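Following: one structure in structure tokens, then a few remarks.
The values are calculated or read from the model by the stated rules, or taken from the named source; none is laboratory data. Please read all numbers here as calculations on a predicted model, not as lab measurements. Because the Cβ atoms are built from the backbone with ideal geometry, glycine has one as well, and the counts that use them run over all protein chains shown. Ligands, DNA and RNA are stripped out before the accessible areas are found, and what is left, the full protein with its side chains, is counted by its heavy atoms. Shrake-Rupley method; radii C 1.70, N 1.55, O 1.52, S 1.80 Å.
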Amino acid sequence: MRQRLLIVITLIVVVVILVLLNAATYVKVEPQADSEAAPDRSTFNAGATGTRALFDFLHESGHDVVRWRESTDGLLSFSGPKPSTIVIIGEVRVPFSTTEKKELLRWVEQGGRLVMIDRTPDPKLLPDSGQWAIITRVTNVPWYDLDPTNFEQMTREVKTIAPSQPTLLARDVESVLPSRFAGAITIVPKVAPEKKNTNSNDNSSAGSGDEQDEEEFEPSPESTPRDAGGNNPTTMSPAPVVSFTGERGSLLIDYPHGKGRIVLLSDPYIVANNGINRADNLQLAINVVVGSGGLVAFDEFHQGRAATQNALIQYFAGTPILAICAQLGLIGLAIVWSRGTRFARPLPLPQVDRRSSLEFVASMAELQQRAKAHDLALENIYTRVRRVLVRYAGLSQTASRAQIATRVAARAHLNQTKLESLMRSCEDVINGAPTNGRETLRLAKRLREIEASLGLQGRARDAKQNEIRT
């Protein structure tokens with residue numbers, strides 16, 4: 001007990017020392033300030049460059065929004081509720097793989113809606129639409145020490161932009177205020193090689209034909225062909241629709257891809273926490289993200305917040321709790337190892353005799369019965385009874401049977417002649433006199449009766465001795 005108490009006290013002291021050491025060596029990691037040069041566009045980020053304000057507003061307004069924390073390569077095979085819109089904001093921290101890009105565009109072709117809000121989106125996620133190609137470029141790069149919370153630094157010399165034409169994305173929006181770092185979207189027609197050679201041969205008559213091919217083209221919604229009644233379009237035009245145009249290029253476009261649509265907004269400032277409250281930026285963000293309704297999923301997997309990380313570990317990340325738990329685990333393993341290690345020669349296991357004395361008696365009785373050894377059976381019983389009678393009479397083991405019978409009969413008031421005759425018959429059988437099983441059983445029964453009358457049987461003798469002691 002004292003040794004165990006010493007071990008427990010030692011463990012408590014070690015744990016206290018570990019806690020003190022971890023607390024003394026713990027250095028609090030200061031959270032990195034948001035930077036427009038390396039923004040964090042996650043919906044978990046409540047900083048200036050994050051988009052948590054937009055996500056919380058949509059959630060509290062009753063819109064069906066979720067954070068998608070799994071890879072997008074399983075959109076088509078996902079067994080749960082499938083999103084209607086996937087929103088990718090800003091430059092991702094986990095690049096899209098080739099398989100993810102193909103699966104994402106295939107999901108759009110089957111009716112999905114992809115919204116990308118970025119100044120430099122991945123060109124592989126902007127497929128051509130018919131004969132139109134989408135090109136994006138950066139017009140102004142934010143410097144490293146730019147303060148994203150400074151409204152003046154973010155929007156210097158920038159004017160509000162009104163919708164270029166009435167579209168669903170511009171519904172209820174009078175003007176928006178982008179940042180000075182907004183990207184520019186250019187829509188150019190694709191030119192076949194034969195046609196390009198023909199244009200180059202006709203430069204003398206048509207002016208600079210190559211420059212005309214590279215001019216920005218803004219298709220009009222009027223280009224959608226309609227049926228004879230003028231109600232519904234017979235075919236969907238692949239031409240991108242421009243909703244907002246700035247001085248350097250388009251700000252917001254959308255175009256069909258298969259059965260779905262792709263929406264591109266070239267400035268994350270409009271939906272970020274530091275710019276969503278400017279002008280009608282919030283209304284435009286709602287129109288762009290929500291669209292025609294359905295489940296809206298914000299891509300958090302490629303923002304570095306995949307669901308593979310344990311939430312409990314993530315909660316205690318940066319604290320000494322994880323180190324303390326690891327050290328306690330090592331201590332536990334050391335204790336288990338030390339308890340299971342032998343420091344001396346192995347001790348033999350205790351050999352427990354599981355055999356019963358009654359089993360031995362039954363075996364011997366069966367053996368003697370099969371061998372018809374009646375004399376041996378009677379000898380076993382008579383020897384023990386004679387030894388008990390000698391002890392009862394107070395004589396030595398060398399006393400004659402006449403002396404034993406006389407002393408026992410006088411003390412127990414028994415018939416001396418019958419007792420001596422019984423002892424003589426038993427000794428004759430033991431010495432080889434002829435007998436049978438019935439006679440042997442009769443003699444053994446008479447011996448048991450004498451033991452019972454004198455109280456010399458095993459259980460009766462023990463009870464009598466207990467009475468004498470008490």
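Here are a few things to note about the model shown:
- Looking across region 147-167, the residues that are surrounded by 15 or more Cβ atoms within 10 Å (Cβ to Cβ) and of a type in the set (A, V, I, L, M) come down to Met154, Val158, Ile161.
- The set of residues in region 49-107 that are open to solvent by less than 10 Å² (accessible area, probe 1.4 Å), within 26 Å of the chain's Cα centre (by Cα) and of a type in the set (Gly, Ala, Ser) is empty.
- Within region 37-77, being within 14 Å of Gly90 (Cβ to Cβ) and either of a type in the set (Phe, Trp, Tyr) or in contact with a His (Cβ under 9 Å, 6 or more places away or on another chain) (or both) holds for Phe44, Phe55.
- Failed item, numbered, when Gly437 is tested on (1) touching a residue at least 60 places away in the same chain (Cβ under 8 Å); (2) surrounded by 13 or more Cβ atoms within 10 Å (Cβ to Cβ): (2)
- Selection within region 405-434 - farther than 21 Å from Gly394 by Cβ, polar (S, T, N, Q) and open to solvent by less than 90 Å² (accessible area, probe 1.4 Å): Ser421, Ser425
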